[in-house]
Amino acid sequence: MAKGGGGAGSGTEGWGEYLKYSFGSDYVVHNAAIGGRSARSFTREGRFNEVANVVKPGDWVVIEFGHNDGGSLSNDNGRTDCPGDGAQTCQTTYNGVQETVLTYPAYYKNAARLFLDKGAKVILNSPTPNNVCESGTCVSDSSRFDYYAWHAAAELASPDVYHVPHKQYAVQAMKNLGPQTVNANYPNDHTHTGPYMANVMAGSFVLGLRCGTTALGAAVKNTTESLTTSFYGPCIPQNSSVPI
């Protein structure tokens, strides 16, 4: 999602840089993602607050984490979240500072409330996948963070909070593209996309929007037909208890 993907000069790019091409001039896309962050480290560094300081009523905020949220607190890298899907907390010391670590859904919900208080609408995404075609065969992929993102949106129970199953749409597109195309566009590792696959990830999110019920989805320039008849594939049914 972050500009520069895996770092300047790496030949990679984040999908957030391509989102602007799906909206008209009446929408300005600001990509505030920072590479190598988790929901926890983004919170600790005050970056959600920085975004909230410039958010205006009627804005849309898209939140997506997961690639850096796993791991073990026994060897704390400053990014690992506390295990669990609710109010569980863990105690750790990072960089010599005692820290109470929250769960992934808790960080999502806290951030969402911050933006809701500013009059914004919030989309809580599941994370994009790693390269699901790395073995030469494109396979399905799921993780606890896919559920956690949905769960956070469900628990907030707000008409201004939505969920897009970004990973499911991305995996669908990758399977349709096939391993040769996908592998050629992960230049360095199985996590960071080259520009072409970053654009695919952006399009996967856009399809998720278009298939949903949000006003932001209705504002997308791409028609649903133009997306669903391409390699992006069809709309994916979702749990009706959470608006998408």
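Does Thr92 satisfy the criteria of being touching a Leu at 6+ places or on another chain (Cβ under 7 Å), of a type in the set (S, T, N, Q) and either part of a loop (DSSP other than H, G, I, E, B) or open to solvent by 40 Å² or more (accessible area, probe 1.4 Å) (or both)?
no
Among the residues of the stretch 121-130, is there at least one that is touching a Ser or Thr at 6+ places or on another chain (Cβ under 9 Å), farther than 22 Å from Ala52 by Cα and of a type outside the set (Val, Ile, Thr)?
Checking the stretch 121-130: at least one residue is touching a Ser or Thr at 6+ places or on another chain (Cβ under 9 Å), farther than 22 Å from Ala52 by Cα and of a type outside the set (Val, Ile, Thr).
Return yes when Gly119 is surrounded by fewer than 19 Cβ atoms within 10 Å (Cβ to Cβ) and either within 22 Å of Thr12 (Cβ to Cβ) or among the acidic types (Asp, Glu) (or both) and no when it is not.
For Gly119, the condition - surrounded by fewer than 19 Cβ atoms within 10 Å (Cβ to Cβ) and either within 22 Å of Thr12 (Cβ to Cβ) or among the acidic types (Asp, Glu) (or both) - is not met.
Taking the stated definitions as given, is Val182 in contact with a Cys (Cβ under 7 Å, 6 or more places away or on another chain), touching a residue at least 12 places away in the same chain (Cβ under 8 Å), more than 17 Å from Gln238 (Cβ to Cβ) and not in a helix (DSSP H, G or I)?
The answer is no for Val182.
Those residues that are part of a helix (DSSP H, G or I) and open to solvent by 40 Å² or more (accessible area, probe 1.4 Å), I need them from the stretch 1-22; list them, please.
Hits for the stretch 1-22 are Glu17, Tyr18, Lys20, Tyr21.
Are there helices (runs of 4 or more DSSP H) fully within the stretch 192-238 with at least 2 residues that are open to solvent by less than 20 Å² (accessible area, probe 1.4 Å) and not β-branched (Val, Ile, Thr)? List them.
Hits in the stretch 192-238: 195-210, 215-218.
Whether any residue in the stretch 135-156 is over 26 Å from Asn188 (Cα atoms) and polar (S, T, N, Q) is what I want to check.
Within the stretch 135-156, not a single residue is over 26 Å from Asn188 (Cα atoms) and polar (S, T, N, Q).
Failed condition for Asp81, given (1) under 29 Å from Val132 (Cβ atoms); (2) out of contact with any Asp or Glu (no Cβ under 7 Å at 6 or more places or on another chain), with all others met?
All conditions pass for Asp81, except number (2).
In the list Asn53, Asn110, which residue meets the criterion of being within 23 Å of Lys167 (Cα to Cα), at pLDDT 95 or above and of a type outside the set (Ser, Thr, Tyr)?
Asn110
Take Thr137 and tell me if it is open to solvent by less than 60 Å² (accessible area, probe 1.4 Å), at pLDDT 95 or above and either part of a loop (DSSP other than H, G, I, E, B) or not charged (D, E, K, R) (or both).
no
The values are calculated or read from the model by the stated rules, or taken from the named source; none is laboratory data. Since we're looking at a predicted model, the values are computed, not measured. Don't worry about glycine lacking a Cβ; one is built from the backbone with ideal geometry, like all the others, and counts go over all protein chains shown. Please note that ligands, DNA and RNA were not included when accessible areas were found on the heavy atoms of the full protein model with its side chains. Shrake-Rupley method; radii C 1.70, N 1.55, O 1.52, S 1.80 Å.
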